[in-house]
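Undergrad: The structure under discussion is supplied below as structure tokens; questions concerning it will follow.
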Amino acid sequence: MSITISHITKSYGAVKALDDISFDVSKGELFGLIGPDGAGKTTLIRILTTLLVPDAGEARMLDLDPVKEFRKLRPHIGYMPGRFSLYQDLTVLENLNFFATIFGTTIEENYDLIKDIYSQIEPFKHRKAGQLSGGMKQKLALSCAMVHEPDVLILDEPTTGVDAVSRKEFWEMLARLKERGITILVSTPYMDEASLCDRVALIQDGHILQVDTPASIVASYNRQLLGIKARNTLRLIEDLRAYPLTHSAFPFGESVHLALAGDLTDGELPEYLHQKGHEELEIEPIAPNIEDCFMELMTKKQSDK
Amino acid sequence: MKTFWAFVKKETLHILRDPRTLVILLGMPIAQVVLFGFAITNELNDARIAIFDASGDPVTQEISDRLTSSGFFQLAIKLDQEDQLERAFQHDRVKLAVVFPPEFQERFFREDRPQIQLIADATDPNTATTLIAYASAIIRQYEQEKKGSAALPYSIQTEVRMRYNEELKSVYLFVPGVITIILMLVSAMMTSIALTREKELGTMEILLVSPLKPVVIVVGKVIPYIALGLANMAIILILATMVFHMPIRGSLFLLIAESLLFIMTSLALGIMISSRVQTQQVALMISLMVLMLPTILLSGFIFPIENMPWPLQAISHIVPARWFIVIVKGVMLKGAGLAVVWKETLILIVMTLVLIGASVRSFKLRLE
């Protein structure tokens, strides 16, 4: 195991940021920590990177205790914090050189490892980091986090605020790093990125909802799911939520995903919606994705309380 | 060691890449010395006075001439009636009025002790006191010249010499103060801001996760500011000696060594502030309130400590600037060696050791 987390709890005053969290990450795994803002992702990552101490529970990183053995552990972690955390007034090359040096290495020594990523921003190496585009900044940050050849790479929301093309490129880079045997833990609020991970942990309000492969999570979804479109989406949700057979209804882009609580007879739902005066109705059965599963698990958790 | 220099280099680049701040930091000592040296001065020249001379005889005329030719006073208005005094103060903005009674000359030679009334505008008490003192001295001197000391059977004469600053130049007073303020500003305030910036930008997270030892982070961070502080010191000393002809009577080496000590004290204060705040703005506010104000007000730079109420006097003991100013004045003006300022130096050394110890302890190895 590269990372073992058992019963970790952490509070900020009265707010419980993490409540009895446990899961493992295997060596060489690309593991996703997926949940909305405020779910506790950053807190958990900071505990793993030795920056915070949990109130209860314990973590093991590379068989080291992040609380007691943080000095031994720190050189082996590659960490990319949530915000762009490089020196904006230094150039690309100066940033990379600085981080290489403080980790006791040089760019040349590990050039092979970062070549894939760094070569894309190398043409701009004399440009100040603050003047890079969002995607390029992420590449530089990843290069800086990788330059000392860490055994574990921990990335906190690396793709937040980055355009779609750069996001895709970024995940391809992660996949290639994984092939080199580096364990990667990445957090993201984007549910669609879950399918790019080997396994994911769905986290919400400091609780782990489920830990599994994306495919198993989707497969475990056992409700009938419909994608519904109408002219007035807002009113559509209200009406669907008032419908007796509805288990849950959530907006999803332009359409509404309706999970059903029971079996539906043909034509029953269109009739109901027509009665409510909805126009341009489109109803079709759809396959669930991770977000549907997340919503389902979230609803279940809330009704359990 | 290599990582340490990489850190120093990085920090130096931060300073150089921000030319605006650099210009302010290097320009400030120049501005302050010039300002204090030329503009803000305690010396009085050409103060406007009014004279009401009810006698108009040769003696009052001579005394008036003495006053106006002294260089301290300038005759703004000659009054014909005593009730014009109020108007002279209000309208002609005179600072001092001299009133001679009638028949001054006769009474003067009759040993009748005629009185001259000096009326000062005391809205600024310091100026008023000084003007009265100057005018009294001039009148007394005239009296002695006229009558000779023999005329007064018992008299004590005072002979005054202003040692270490014969010409009473106020720039001699201000330069040690400006050195103190600038060193405190550059060392404490800039360090606290620079360290807090790492926190605010999130780079501190990476630095903490790196194998860097805290002492490397802190020392690497402050070295460029020590250099900046010494550069400021050089600028001030060059200005003071070249432009204002201020002497450095003691050892220059001792002066620099003592300054380095004070820089260390300030740096430790800056590090302590930065470990307790999260944003640059708060660091700036606290530096100004907690460090700059006592340095300016309680160090004896502007207000004499002896005149303060005892609680403020007590507080002034823990203001490092108080001791440093004594040292700088001693070395620069009195030519004092370590044998003279050893007590102040020892106090500063102890303060610095305590502060450095506390600031190293206060440096957090984690985020909370």
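Undergrad: Give the accessible surface of the stretch B:47-151 per residue, rounded to a whole number of Å², with probe radius 1.4 Å and ligands, DNA and RNA excluded. Spell out each step's value before the answer.
TA: Working: 6060 Å² over 105 residues.
Per residue, the stretch B:47-151 has an accessible area of 58 Å².
Undergrad: OK, next. Any chance you could check the Cα centroid distance between the stretch B:20-72 and the stretch A:135-177 for me, in angstrom?
TA: 68 Å
Undergrad: Given an 8 Å cut-off on Cα distances and at least 6 residues of separation, report the relative contact order of the stretch B:47-151 as a percent. The partial results should precede the final answer.
TA: Details: 137 pairs, mean separation 31.9, N = 105.
Contact order relative to length: 30 percent.
Undergrad: Hey, what did chain A get for relative contact order, percent, Cα under 8 Å, at least 6 apart? Don't skip to the end; give the middle numbers.
TA: Details: 557 pairs, mean separation 60.5, N = 305.
Relative CO of chain A lands at 20 percent.
Undergrad: Pull up the DSSP beta bridges for chain B and report the antiparallel fraction as a percent, rounded to 5.
TA: Roughly 25 percent of the beta bridges in chain B run antiparallel, per DSSP.
Undergrad: Here's another thing I want to ask about it. Scanning chain B for helices, which whole DSSP H stretches are 27 Å or more long along the axis (Cα) and average 0.0 or more by Kyte-Doolittle?
TA: Values: long enough: B:125-147 (33 Å, -0.54); B:214-242 (42 Å, 2.10); B:252-276 (36 Å, 1.81); B:338-362 (35 Å, 1.71).
TM-like helix candidates: B:214-242, B:252-276, B:338-362.
Undergrad: With a 1.4 Å probe and all protein chains left in place, how much of the accessible area of chain A comes from carbon and sulfur atoms, in whole percent? Let's see the in-between values first.
TA: Numbers: 6560 of 13370 Å².
With neighbouring chains kept in place, the figure for chain A is 49 percent.
Undergrad: Let me ask something else about it. Return the whole-Å distance between the Cα centroid of the stretch A:1-47 and the Cα centroid of the stretch B:153-227.
TA: Centre-to-centre (Cα) distance: 45 Å.
Undergrad: Cα centroid distance between the stretch B:307-368 and the stretch A:274-298, in Å?
TA: Using only Cα atoms to place each centre, the spacing works out to 72 Å.
Undergrad: Could you compute Rg(Cα) / (2.2 N^0.38 Å) for the protein assembly as shown, with N its residue count?
TA: Working: Rg = 38.7 Å, N = 673, 2.2 N^0.38 = 26.1 Å.
Scaled against compact globular proteins, the figure is 1.48.
Undergrad: What nm value, rounded to one decimal, do you get for the distance between A:T299 and B:F38 when each label is placed 7 Å out toward the C-beta?
TA: Between A:T299 and B:F38, the label points sit 7.9 nm apart.
Undergrad: Ok, one more. With every protein chain left in place, what is the accessible area per residue of chain A in square angstrom, probe 1.4 Å? If you can, show how the numbers build up before the last one.
TA: Values: 13370 Å² over 305 residues.
Using a 1.4 Å probe on heavy atoms only, each residue of chain A averages 44 Å².
Undergrad: Counting other Cβ atoms within 10 Å, keep those with at most 16, restrict to DSSP loop, and tell me which trypsin sites (Lys or Arg not before Pro) in the stretch A:263-303 are left. Don't skip to the answer; put the middle values down first.
TA: Details: sites: A:K276, A:K300, A:K301; in loops: A:K276.
Passing both the DSSP loop test and the Cβ count: A:K276.
Undergrad: Tell me the GluC sites (Glu not before Pro) within the stretch A:89-168 that lie in a loop according to DSSP and have at most 15 other beta-carbon atoms within 10 Å. Display every interim value, and only then the final one.
TA: Values: sites: A:E94, A:E108, A:E109; in loops: A:E108, A:E109.
Answer by residue number: A:E108, A:E109.
Undergrad: Determine the alpha carbon to alpha carbon distance for each of A:K27/A:K229; A:K168/A:K276; A:K41/B:K364 and list only those over 32 Å.
TA: Over 32 Å apart, Cα to Cα: A:K27/A:K229; A:K168/A:K276.
Undergrad: Along the charge dipole of the protein assembly as shown, pointing to its positive end and built from +1/-1 on Cβ of Lys, Arg, Asp and Glu, which listed residue (B:F104, A:V92, B:L25) has its Cα farthest out?
TA: Ranked along the dipole, the leading option is B:F104.
Undergrad: In the protein assembly as shown, what percentage of the DSSP-assigned beta bridges are antiparallel, given to the nearest 5? Mind showing how you got there, number by number?
TA: Values: 37 of 66 bridges.
Of all bridge pairs located within the protein assembly as shown, approximately 55 percent are antiparallel.
Undergrad: So how long is each side of chain B along the principal axes, counting just the alpha-carbon atoms, biggest first, in Å?
TA: Sorted from largest, the Cα extents of chain B read 93, 46, 39 Å.
Undergrad: How are the Cα pair distances of chain A distributed, in percent, across 10 Å bins from 0?
TA: Histogram of Cα-Cα distances, whole percents per bin: 6, 24, 28, 21, 13, 6, 1, 0.
Undergrad: Which residues of the stretch B:1-21 end up with at least 20 Å² less accessible area in the presence of all protein chains than when their chain stands alone, using a 1.4 Å probe?
TA: Buried by the other chains: B:K2, B:T3, B:A6, B:K10, B:L13, B:H14, B:R17.
Undergrad: Send over the semi-axes of the stretch A:222-287's equivalent ellipsoid, whole angstrom and largest first, taken as the square roots of 5 times the C-alpha gyration tensor eigenvalues.
TA: On the way: eigenvalues 51, 36, 23 Å².
Its equivalent ellipsoid spans semi-axes of 16, 13, 11 Å.
Undergrad: Also: Which value, in square angstrom to the nearest 100, describes the accessible area buried between chains A and B on both sides, using a 1.4 angstrom probe?
TA: Working: alone 14730 and 20420 Å², together 32320 Å².
Summed over both sides, the interface buries about 2800 Å².
Undergrad: Compute, for the stretch B:47-151, the length of the dipole vector about the Cα centre, with Cβ point charges of +1 (Lys, Arg) and -1 (Asp, Glu) only. Units Debye, rounded to 20. Kindly include the intermediate steps, with their values, before the conclusion.
TA: Values: 12 positive and 17 negative charges, 70 e Å.
Dipole size: approximately 340 debye.
Undergrad: Using alpha-carbon pairs under 8 Å, 6+ residues apart, how would you state the relative contact order of the stretch B:1-98 in percent?
TA: Values: 75 pairs, mean separation 28.4, N = 98.
That works out to 29 percent.
Undergrad: For A:K178, go through the aspartates and glutamates and keep the ones whose alpha-carbon is under 19 Å away, minus same-chain ones fewer than eight residues off.
TA: Reachable aspartates and glutamates: A:D24, A:E29, A:D112, A:D116, A:E149, A:D151, A:D156, A:E157, A:E169, A:E193, A:D198, A:D212.
Undergrad: I would also like to ask the following. Quick one: which residues, 5+ away or cross-chain, put their amide H under 5 Å from the amide H of A:V152? H built at 1.01 Å from N.
TA: It is A:G78, by chain and number.
Undergrad: Using the Kyte-Doolittle scale, which helices in chain A average at least 1.6 and also have C-alpha atoms spread 15 Å or more along the helix axis, with helices defined as whole DSSP H runs? All intermediate terms of the calculation are to be shown ahead of the outcome.
TA: Values: long enough: A:92-102 (16 Å, 1.14); A:134-146 (18 Å, 0.35); A:164-179 (23 Å, -0.56); A:290-304 (21 Å, -0.63).
Flagged H segments: there are none.
Undergrad: Of the heavy-atom accessible surface of the stretch B:47-151 (probe 1.4 angstrom), what whole percent is carbon and sulfur? Write down the numbers at each step before the final one.
TA: Numbers: 2780 of 6060 Å².
Whole-percent figure for carbon plus sulfur exposure: 46.
Undergrad: List for the stretch A:87-125: residues with 40 Å² or greater reduction in accessible area, all protein chains versus chain alone, probe 1.4 Å?
TA: SASA drop of 40 Å² or more in the stretch A:87-125: A:Y87, A:D89, A:L90, A:E94, A:F98, A:T101, A:I102, A:F103.
Undergrad: Amide H of A:H247 versus every other amide H placed in the peptide plane: which residues, excluding those fewer than 5 positions away on the same chain, fall under 5 Å?
TA: Here the answer is A:A259, A:L260, A:A261, since their amide H atoms fall under 5 Å of that of A:H247.
Undergrad: Determine ³J(HN,Hα), in whole Hz, for all residues of the stretch A:222-227 in sequence, where each value follows from phi through the Karplus function 6.51 cos²θ - 1.76 cosθ + 1.60 and θ = phi - 60°; x replaces Gly and Pro.
TA: Values per residue, Gly and Pro as x: 10, 10, 6, 10, 10, x Hz.
Undergrad: Of the DSSP beta bridges with both residues in the stretch B:47-151, give the percent that are antiparallel, rounding to the nearest 5.
TA: Details: 4 of 15 bridges.
Taking every DSSP beta bridge with both residues in the stretch B:47-151, the antiparallel ones total about 25 percent.
The values are calculated or read from the model by the stated rules, or taken from the named source; none is laboratory data. The structure presented is a predicted model; accordingly, all values stated were derived computationally and were not measured. When we count neighbours, we look across all protein chains shown, and the Cβ atoms used for this are built from the backbone with ideal geometry, even at glycine. The accessibility values were calculated without ligands, DNA or RNA, using every heavy atom of the protein model including side chains. Shrake-Rupley method; radii C 1.70, N 1.55, O 1.52, S 1.80 Å.
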